[in-house]
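The values are calculated or read from the model by the stated rules, or taken from the named source; none is laboratory data. Keep in mind that what you see is a predicted model, and the values were worked out from it rather than measured. So basically every Cβ, Gly included, is an ideal-geometry build from the backbone, and we count neighbours across all protein chains shown. The area values use the complete protein model at the heavy-atom level, side chains included, leaving out ligands, DNA and RNA. Shrake-Rupley method; radii C 1.70, N 1.55, O 1.52, S 1.80 Å.
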Amino acid sequence: MNENVNLKKLLTEDKIKKGAQVLKVPIKAPNGDKFNGKTYMIPLEYLYYNNKNGRISSAISKYESEHGSINPGHNEAYNTAIQNMIKDGDDNMDKLVEDMKNKGQEVPGYVLNDGRVVDGNRRFTATRIMSKDPAVSGTQYFEAVILDGLSIQDSRDLALIKQLELRIQFGLQKREDYDPIDKAVDAYKTIKIEKSMSISDYALYSDSKKNDVVKLINEAELIVEFLRFINADETNYFIAKDMKLDGPIQDMLPQYRSVIKKSEYKEEILSALFSKIIQLRSSGGEDDFKQDFRSIIKKVIGKGQEREFIEKTEDDADIIGMALSQDSDGSSRKTANVDDLYKKINNNDDAIKSLSNVADKSTEILNKMENEKKRSEPKKLVSEAVAKLEAIDVDTLNYISDEEKKHIRNNLRIIQTSINYIEEKM
């Protein structure tokens, strides 16, 4: 463990080598000066992962829910845990490791003077993996620019570090994108929780439109609301990732912004929708999920049917929510992860029955709306037919050809026959 690391001091002690590149750093120092952009070859033992990074903070919450708290910083157990989480969640990590074995680290990262890696987590991970490979000889170094003078504890510096991350991740190099949920959570935490950046600044440095950033915040709000409903810690965003909620959240977003968020029944609507999500995720059919959930969102929410949907599912949503708030013995307990969520449901006969009820009642209300649509269709079509007939300017009939007049007469006879038939059936 290396506490109180000072990379600049280690450089004077020849424990850090000079690199071969000079980068144009996309942010300026707090005093307005440019960073020199020189890179250095830093031994891995002096570096650690940035727990403020959007992806990493989500991974930490998952780790801690399963293994207990972990201390970020110059802590090998911490670094190893984050390394494994990044590797396990990255299908392209093995390819990156092989590329770096053959070509070296082509793109430098950025680190703070205390060894915190603020950009280059995948390359840092690949280098750490290589360092444990018996086939790779010699000390492994991570090449990076040292952003001397910045501290994660200073709110102004934290905003500069976030600017750097956003400009590199979303602006300058357009490298591998964030998971959609990580992206939403990052905007939400930066703007709403840490308050280190405004919506306008986040949009500027991530090369986004302000409305798109607002949408990201709204997505994260829905994720937090879901975590509250399942009685999980509100920072356990990984549960939303593991349940693949990006699609459902995206489906909900327009109605959330235009209807749900403003409704006096917001909590009840969300509880009903979240119960539906759990019911569909429990059944496991992705195609059914898309069709069924989207039908509820598009045909019920925002169509004046919210109250009926709530009334039909409210009791069952309460039972599901109650089951997720306690252990099998009835004691209060937070939901730790997705497996725990399903365990709580499956150990509660009332919750299992309620999930079945949610499925049946959702189908019932959709069928009712479809039948009402079919019943109103004749009235609608007749009104449209009348409007179209009334739109005909009869004076223009004097100026059309005999062939066109013949065609119109034939069609009018067909219309009259149809009218007679409909009247007989009424």
| said: Looking only at region 34-93, count every residue that is in a loop (DSSP other than H, G, I, E, B) and among the hydrophobic types (A, V, I, L, M, F, W, C) and tell me the total. | reply: 3
| said: Cβ-Cβ under 9 Å, sequence separation 6+ or interchain: first residue in region 110-127 and on the phi > 0 side of the Ramachandran plot, partner in a strand (DSSP E or B). Which pairs? | reply: GLY115/ILE42; GLY115/TYR48; GLY120/GLY109; GLY120/TYR110; GLY120/VAL111; GLY120/PHE142; GLY120/GLU143; GLY120/ALA144
| note | Considering residues that are assigned to a loop (DSSP other than H, G, I, E, B) and open to solvent by less than 40 Å² (accessible area, probe 1.4 Å), the number found within region 243-258 is 2
| query | Do the conditions hold for VAL111, that is, is it touching a Phe, Trp or Tyr at 6+ places or on another chain (Cβ under 6 Å) and either within 29 Å of ALA29 (Cα to Cα) or open to solvent by 10 Å² or more (accessible area, probe 1.4 Å) (or both)? | reply | no
| Does TYR265 satisfy the condition of being open to solvent by less than 30 Å² (accessible area, probe 1.4 Å), touching a helix residue (DSSP H, G or I) at 6+ places or on another chain (Cβ under 9 Å) and at pLDDT 90 or above? | no
| task | Within region 1-40, count every residue that is of a type in the set (D, E, K, R), over 37 Å from the mean Cα position of the chain (by Cα) and open to solvent by 90 Å² or more (accessible area, probe 1.4 Å). | result | 5
| query | Can you pull out the helices (runs of 4 or more DSSP H) entirely within region 276-395 that have at least 1 residues that are in contact with a Pro (Cβ under 7 Å, 6 or more places away or on another chain) and under 23 Å from ALA232 (Cβ atoms)? | reply | 286-299
| query | Considering region 322-358 alone, what residues qualify as being surrounded by fewer than 19 Cβ atoms within 10 Å (Cβ to Cβ) and among the small types (Gly, Ala, Ser)? | reply | SER325, SER328, GLY330, SER331, SER332, ALA336, SER356
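Condition test on THR127, is it within 18 Å of GLY19 (Cβ to Cβ) and part of a loop (DSSP other than H, G, I, E, B)? Full working, then the answer.
Numbers: within 18 Å of GLY19 (Cβ to Cβ): yes; part of a loop (DSSP other than H, G, I, E, B): no.
Spelling it out, it is not the case that THR127 is within 18 Å of GLY19 (Cβ to Cβ) and part of a loop (DSSP other than H, G, I, E, B).
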| Residues of region 293-321 satisfying the condition of being open to solvent by 30 Å² or more (accessible area, probe 1.4 Å), within 19 Å of LYS353 (Cβ to Cβ) and among the charged types (D, E, K, R) | GLU311, LYS312, GLU314, ASP315, ASP318
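Going by what's in this entry, would GLY89 be described as under 30 Å from the mean Cα position of the chain (by Cα), closer than 20 Å to ILE161 by Cα and of a type outside the set (A, V, I, L, M)? Working first, answer last.
Numbers: under 30 Å from the mean Cα position of the chain (by Cα): yes; closer than 20 Å to ILE161 by Cα: no; of a type outside the set (A, V, I, L, M): yes.
Here the answer is no, as GLY89 does not meet what is asked.
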| field | Subset of region 224-242 [part of a loop (DSSP other than H, G, I, E, B), out of contact with any Leu (no Cβ under 7 Å at 6 or more places or on another chain) and buried (at least 19 other Cβ atoms within 10 Å of the Cβ)] | value | TYR237
| request: Could you give me the residue pairs with C-beta distances under 7 Å whose first residue belongs to region 8-30 and is in contact (Cβ under 8 Å) with a residue 60 or more places away in the chain and within 14 Å of TYR110 (Cα to Cα), whose second residue is surrounded by 12 or more Cβ atoms within 10 Å (Cβ to Cβ) and among the small types (Gly, Ala, Ser) wherever it lies, and which are 6+ apart or on separate chains? | output: LEU23/GLY37; VAL25/GLY37; ALA29/GLY149
| request: Determine which single condition ASN53 fails, assuming it passes every other condition in (1) surrounded by fewer than 19 Cβ atoms within 10 Å (Cβ to Cβ); (2) within 20 Å of ASN113 (Cα to Cα); (3) of a type outside the set (Asp, Glu). | output: (1)
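Going by the structure shown, is LYS210 open to solvent by 10 Å² or more (accessible area, probe 1.4 Å), of a type in the set (Lys, Arg) and within 23 Å of LYS343 (Cα to Cα)? Give the derivation first.
Working: open to solvent by 10 Å² or more (accessible area, probe 1.4 Å): yes; of a type in the set (Lys, Arg): yes; within 23 Å of LYS343 (Cα to Cα): no.
Spelling it out, it is not the case that LYS210 is open to solvent by 10 Å² or more (accessible area, probe 1.4 Å), of a type in the set (Lys, Arg) and within 23 Å of LYS343 (Cα to Cα).
Restricting attention to region 169-215, which residues are part of a helix (DSSP H, G or I) and modelled with pLDDT under 85? Full working, then the answer.
Step one: of region 169-215, the residues part of a helix (DSSP H, G or I) are 169-172, 180-193, 199-205, 210-215.
GLN169, PHE170, GLY171, LEU172, listed by residue number.
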